[in-house]
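First comes the structure, then the notes that go with it.
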Amino acid sequence: MKRIPIIIDCDPGVDDSFAIALAYSRPELEIVAITAVEGNVPASLTRRNALGLCETLGINCRVGFGMDRPLKRPYQRDASDTHGKSGVGSVVFDEITLAPDPLPAWEIIYQEAVKHEGELVLFAVGPLTNIAMCLMLHPDLPKHLKRLVIMGGGTFGNVRSTGLKAEFNAWIDPTAAKIVIEGTEVYMVGLNATHAAAVSVSDFDEMIALCGDKYSSGLVRELCRFSRRNHVENGSDNNCIHDALAVASLIDPLCVGFEHHYVYVEDREDAANVGETVIDLSDTSGKAKNCHVAMTVDKKRFADLLKDMCRHYASL
């Protein structure tokens, strides 16, 4: 079976960790690089977490460090209330010995895209700063990609200062989101899709049981336990495994249904809805459709993929 080469650009992050673990459990996917950006927690932590996840899971790929701040605005806040102070919940990495690639994230992305001659799928599941940098330095990037899938945006948001119009990843760096979403064809898995695919408490219980007590499944088991606990006890949205749904959309095309629409990103700092991905759902703007927007999900199929992931690590 010919494997699909993928890169995961991320800000690990509990749901980023789920996304990486899910991708690595699939025989049809080959992770060729993981690149880190600021986001859920500061870059100093997302970089360490990217290395720790690769070393713990045994992923043999390039690990690149990307931007440590948005393109224009300051890095304003993290999401440690959802992801834990370290960014990966209750997971504790042993001493990390893996070294990062000497090249910056955007150069790794471009190199691998060119190398794989149009077969590479790029997942961007954090703020889009690294991807925007790559596009600015290498405007021909899109022609070398098979698909660019982002987790971000959606028909509603989760940033209170914007009246819940902007989603966190887009809001952290709206300039980068604008460059990427308005500059190339994107598959956008937003909050409306990830919330529709929320994992139930009973599914978490089954996932934890499937992991068993093996060392090989320890990381995934801890992610499940933390997500269940933080959702039930603190009312967080850890039951929405946002970033893993983006990966699932490639693994099982029936898991996520996309509609083609025109989307623009509000990046003016004086706008009340800065960071919003404004979607022309009625197709009345007259603008060319530029974004495949996730609008439907099969919640059971997604949960089944997560359970298969747990079985995989428990079988090692």
**Label-point gap, in nm, between residue 95 and residue 136 - each point 7 angstrom along Cα→Cβ** = 3.9 nm
**Request:** Could you list 144, 260 in order of exposure, starting from the residue whose Cβ has the fewest other Cβ atoms within 10 Å?
**Result:** 260, 144
**Asked** Over the chain, what is the relative contact order in whole percent, taking alpha-carbon pairs under 8 Å and six or more residues apart?
**Response** 19 percent
**Request:** Please list the radius of gyration and Dmax for the stretch 178-316, considering alpha-carbon atoms only, with Å as the unit.
**Result:** 17.8, 56
**Complete:** Distance in nm between residue 182 and residue 200 label points, each 7 Å along Cα→Cβ, equals 4.3 nm
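Counting other C-beta atoms within 10 Å, and keeping those with at most 11, which DSSP coil trypsin sites (Lys or Arg not before Pro) do you find in the stretch 1-53?
2
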**Item:** Counted charge near residue 93, where neighbours are those whose Cβ lies closer than 13 Å (Asp, Glu -1; Lys, Arg +1)
**Value:** -2
**Request:** Could you pull out every one of the lysines with an alpha carbon less than 28 Å from that of residue 115, ignoring same-chain neighbours closer than 8 positions?
**Result:** 2, 143, 146, 178
**Item:** Under DSSP loop assignment and at most 13 Cβ neighbours within 10 Å, longest GluC sites (Glu not before Pro)-free interval of the chain
**Value:** 118-268
**Complete:** Other residues with Cβ under 14 Å from the Cβ of residue 191 give, with Lys and Arg +1 and Asp and Glu -1, a net charge of -3
**Item:** Directionally averaged shadow of the chain, computed from the convex hull of its alpha-carbon atoms, nm²
**Value:** 15.0 nm²
**Fill in**
Extension length gain for residue 272 and residue 85 (0.36 nm per residue less Cα distance), in nm, is 64.4 nm
**Fill in**
Charge dipole of the stretch 4-314 built from unit charges on the beta carbon (Lys, Arg +1; Asp, Glu -1), centred at mean Cα; most positive-end Cα among 177, 79, 50 is 79
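Tell me which chymotrypsin sites (Phe, Trp or Tyr not before Pro) from the stretch 1-85 have a DSSP coil assignment and no more than 16 other beta carbons within 10 Å of their own. Intermediate results must be reported in sequence, preceding the final value.
On the way: sites: 18, 24, 65, 75; in loops: 75.
Counting only loop positions with at most 16 other Cβ atoms within 10 Å, none of the chymotrypsin sites (Phe, Trp or Tyr not before Pro) in the stretch 1-85 qualifies.
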**Request:** Rank the residues 188, 151, 295, 67 as a footprinting-exposure proxy: fewest other Cβ atoms within 10 Å of their Cβ go first.
**Result:** 295, 67, 188, 151
**Prompt:** What's the center-to-center distance, using Cα atoms, between the stretch 229-303 and the stretch 185-210 in Å?
**Reply:** 12 Å
**Item:** Estimated dipole of the chain in Debye, rounded to 20 [Cβ of Lys and Arg +1, of Asp and Glu -1, Cα centre]
**Value:** 180 debye
**Message:** Through the Karplus equation 6.51 cos²θ - 1.76 cosθ + 1.60, θ set to phi - 60°, convert the phi angles of the stretch 123-134 into ³J(HN,Hα) values in whole Hz; use x for Gly and Pro.
**Reply:** 9, 10, 10, x, x, 8, 4, 5, 5, 4, 4, 5
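Here, each number is a calculation from the coordinates, and none is a lab measurement. Bear in mind the structure is a predicted one, so any value in this text is a computation, not a measurement. Positions of Cβ are backbone-derived with ideal geometry, glycine not excepted, and every protein chain shown enters the neighbour counts.
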